[in-house]
Amino acid sequence: MDENTTILGVGSRVRHPAFGDGVVIKVNVAAYQVCFITYGIKDVGKTYEKWEVIERIEPTNSVSFTAAEKSLIKILQTYNGIEAKVDLGQKWENGTMILKPADESLKPKEIPIETFFHKVVMVRDRLRVMEQRINSSKLTDEEKVNLQQYITRIYGSLTTFNVLFKYKEDSFVGEKSR
């Protein structure tokens, strides 16, 4: 490395042209281990110059796992990468969803409602991330509005699952009546 190369410490925030926003979680001899919000953990060479350093943390000889964990949580919360806890309605706890085919020679499929609910919440959270990416993209305002309208319709299609949510504010909301 030359004198112009900045060494990053654990907790440094970066923006990679291909992987997006991330945080350095480990410093190895030749590379940084970076946790990217969308792409997970990737190794990036210390001499890589095409990323933007958003916030540089001074490197130290050792960083506790707790300090690195706190830094990562802060970054993910800033970019809404951490899912908020969403509660399942009490009447559904420990319940089972049964999918019964019309053909009686086929066995029904049983799925714990908690598993199904978790997947519904993941879809909701990923739609929210998509909305944020659209809003922060370089698309024209017209293109952003068009994509937002599709997302609103998707939310509307998912309102059937609102019965599963414990709190109304966690529910899906589609287009409002005019």
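As a summary of the residue check, Arg15 satisfies the conditions (1) modelled with pLDDT of 65 or more; (2) crowded, with 17+ Cβ neighbours inside 10 Å; (3) under 20 Å from Ser136 (Cα atoms) except for the one numbered (2). For Glu55, the conditions (1) touching a strand residue (DSSP E or B) at 6+ places or on another chain (Cβ under 8 Å); (2) without any contact (Cβ under 8 Å) to a residue 40 or more places away in the chain are fulfilled apart from (2). Out of Val63, Val123, Val34, report the one residue that is surrounded by 11 or more Cβ atoms within 10 Å (Cβ to Cβ), aliphatic (A, V, I, L, M), farther than 30 Å from Gln148 by Cα and at pLDDT 85 or above. Being surrounded by 11 or more Cβ atoms within 10 Å (Cβ to Cβ), aliphatic (A, V, I, L, M), farther than 30 Å from Gln148 by Cα and at pLDDT 85 or above holds for just one of Val63, Val123, Val34, which is Val34. Selection of first residues in the range 82-102 that are over 26 Å from Arg128 (Cα atoms) and at pLDDT below 85 and of second residues that are surrounded by 10 or more Cβ atoms within 10 Å (Cβ to Cβ) and hydrophobic (A, V, I, L, M, F, W, C), restricted to Cβ pairs under 6 Å at least 6 apart or on distinct chains, gives an empty result.
Inspect the range 138-152 for any residue being at pLDDT below 80 and assigned to a helix (DSSP H, G or I) and give the result as yes or no. Taking every residue of the range 138-152 in turn, none turns out to be at pLDDT below 80 and assigned to a helix (DSSP H, G or I).
The values are calculated or read from the model by the stated rules, or taken from the named source; none is laboratory data. Quick caveat: nothing in here was measured; it's all calculated off a predicted structure. Please note: Cβ atoms are built from the backbone with ideal geometry, for glycine as well, and neighbour counts cover all protein chains shown.
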